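Chemist: The structure under discussion is supplied below as structure tokens; questions concerning it will follow.
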Amino acid sequence: IKLEPSKLTGKNYNATLHGTIGPSQAESWPLDLRLDGNANLKLLETWQSGIYAAGAGRLHLRLEGTIANPQWGGAVDLEEAQIGSETFPNSLNHFNGTLVFNKTGVRIEQLVGETGGGRMKLSGVLDYTRTPLTFQIHAEARDVRMRYPPGVSTLLNADLNLTGTPEHNQLTGDITILRGGVNANFDLAEALAQVKQASTAPSEISWARSLGLFVRVISAPDIRFESSSTRNLEAQFDLRVRGTLADPALLGNVNILDGHVTFGGTEYTINRGGIQFLNPFHIDPIISMDVSTRKQKYDISLDFTGPLDKLRVNYRSDPPLPVPDIQLLLV
């Protein structure tokens, strides 16, 4: 069977297909087909809900082997590719590179782009000859900025690996926080409450439930958190993210060494601070913090201890005041 050059067109693609099939016994008919054309990556939105995509794919593919054992070859060149999710703060932008097809699958070759104002390089393989499909993808990010939780901006480096199948996969690797920024309206109590609430909220996105997390998040040795309204916050932390993307857990410690922070609407100087994450099933911060502030002619000190939903506060003042009077001053 000889297929003359035939044009295939759709809303987001156009291509030309031609070649030959057979002849022989049906299960061993040889294939020699060529597919050349262009596709808009917006096609990905029809395959997975909750994402958005754009950019161009230049197709130069061939299908060889037999009907019983087809084998893809050729390449797809990506130009200014973009992909993002409604539930993730950063998108992948301006990605250019090549996907090379061979007998065992697809190899990501020289795929480089931007995310969060920094550079990202992707490499890896996807094996579609197995059932189910398997993949191993490595991401290297440098000087990427992420704005999460609200009010906090972090600059980070990352070396991450995504492996598995579409139904069962995991993200592993290391993230190093280089610098952090806190805006004038940042409230530590509100931010921790939002993170805890997000960790217990059910996700309706299937891939978020199937993505296992085994990621270490550490601070650079000289990290400082910058703020336009207060002097720098200095902190050190070593955290491990576990669970799934839909239901994450956090283990480890955050030590706040110096700086100012707004807590419950009042700005405090941090004398000593720490946040522990001990719950292996959810993000459940336990606070231990000694802070002070000045109201009128009184120096007020507070000790915060315990989880957010059972936070205990010990009040002190100089000159001494009864606890209700200290609370009234803070309100």
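Chemist: Quick check: net charge around Gly252, other residues with Cβ under 12 Å of its Cβ, Lys/Arg +1 and Asp/Glu -1? List each step's numbers first, then the result.
Modeler: Working: positive: Arg216, Arg240, Arg242; negative: Asp238.
Cβ neighbours under 12 Å give a net charge of +2.
Chemist: Then there is this: Scan the range 258-331 for chymotrypsin sites (Phe, Trp or Tyr not before Pro) in coil per DSSP, keeping those whose Cβ has at most 15 other Cβ atoms within 10 Å, and list them by number. List each step's numbers first, then the result.
Modeler: Values: sites: Phe263, Tyr268, Phe277, Phe281, Tyr298, Phe304, Tyr315; in loops: Phe281.
Taking the range 258-331 and a limit of 15 other Cβ atoms within 10 Å, the loop chymotrypsin sites (Phe, Trp or Tyr not before Pro) found are Phe281.
Chemist: Another question, then. Along the charge dipole of the chain, which of Val313, His282, Gln48 sits closest to the positive end, that is, farthest toward it, with unit charges on the beta carbon of Lys, Arg, Asp and Glu (+1, +1, -1, -1)?
Modeler: About the Cα centre, the residue reaching furthest to the positive side is Gln48.
Chemist: May I ask you to evaluate 6.51 cos²θ - 1.76 cosθ + 1.60, the Karplus curve with θ = phi - 60°, for each residue of the range 126-137 and list the ³J(HN,Hα) values in order in whole Hz, giving x for glycine and proline?
Modeler: Values per residue, Gly and Pro as x: 10, 9, 9, 7, 9, 10, x, 4, 10, 8, 9, 10 Hz.
Chemist: In Å and whole numbers, how far do the C-alpha atoms of the range 232-331 stretch along each principal axis, longest first?
Modeler: 49, 27, 17
Chemist: Restricting attention to the alpha-carbon atoms of the range 1-158, what are Rg (one decimal) and Dmax (integer), both in Å?
Modeler: Here Rg and the maximum Cα pair distance are 18.8, 67 Å.
Chemist: For the range 276-291, in order, what is each residue's ³J(HN,Hα) by Karplus, 6.51 cos²θ - 1.76 cosθ + 1.60 with θ = phi - 60°, in whole Hz (x at glycine and Pro)?
Modeler: Per-residue couplings from phi come out as 9, 10, 10, 7, x, 10, 9, 7, 9, x, 10, 9, 9, 9, 10, 10 Hz.
Chemist: Between the range 232-250 and the range 108-144, what is the C-alpha centre distance in whole Å?
Modeler: 23 Å
Chemist: For the chain, what is the calculated [θ] at 222 nm in deg cm²/dmol (nearest 500), taking -39500 (n - 2.57) for each run of four or more DSSP H residues and dividing by its residue count? Please list the in-between numbers first.
Modeler: Numbers: 3 runs with 26 residues, N = 331.
Mean residue ellipticity, 222 nm, calculated: -2000 deg cm²/dmol.
Chemist: What is the Cα centroid distance between the range 1-47 and the range 268-290, reported in whole angstrom?
Modeler: Cα centroid of the range 1-47 versus Cα centroid of the range 268-290: 58 Å apart.
Chemist: May I ask you to give the solvent-accessible area per residue for the range 61-151, in square angstrom, as obtained with a 1.4 angstrom probe?
Modeler: 56 Å²
Chemist: Once the mean 1/r over all distinct Cα pairs of the chain is inverted, what Kirkwood radius in angstroms do you read off?
Modeler: On the way: mean 1/r = 0.0426 Å⁻¹.
23.5 Å is the Kirkwood radius here.
Chemist: Now, a different point. Give me the base-10 log of I(q)/I(0) for the range 89-174 at each q in 0.14, 0.24 Å⁻¹, Debye formula, one uniform scatterer per Cα, rounded to two decimals.
Modeler: Log10 of I(q)/I(0), two decimals: -0.56, -1.18.
Chemist: At a 1.4 Å probe radius, which order do Glu167, Glu140, Glu267, Glu86 fall into by accessible area, largest first? Mind dumping the intermediate values first?
Modeler: Numbers: Glu167 105, Glu140 60, Glu267 80, Glu86 150 Å².
Per-residue accessible area, sorted high to low, gives Glu86, Glu167, Glu267, Glu140.
Chemist: Okay, next question. Which loop-located trypsin sites (Lys or Arg not before Pro) does the range 292-331 contain, where loop means any DSSP state but H, G, I, E or B and the Cβ has at most 15 other Cβ atoms within 10 Å? Write down the numbers at each step before the final one.
Modeler: On the way: sites: Arg294, Lys295, Lys297, Lys310, Arg312, Arg316; in loops: Lys297.
Taking the range 292-331 and a limit of 15 other Cβ atoms within 10 Å, the loop trypsin sites (Lys or Arg not before Pro) found are Lys297.
Chemist: Taking Cα atoms, how many degrees apart are the long axis of helix 188-200 and the longest axis of the chain, rounded to 10 and kept between 0 and 90?
Modeler: 40 degrees
The values are calculated or read from the model by the stated rules, or taken from the named source; none is laboratory data. Every value quoted in this text rests on a predicted model; they were computed, and no experiment measured them. Cβ coordinates were reconstructed from backbone atoms using ideal geometry, including for glycine residues, and neighbour counts include every protein chain displayed. Areas reflect the complete protein model, heavy atoms only, side chains present, ligands, DNA and RNA absent. Shrake-Rupley method; radii C 1.70, N 1.55, O 1.52, S 1.80 Å.
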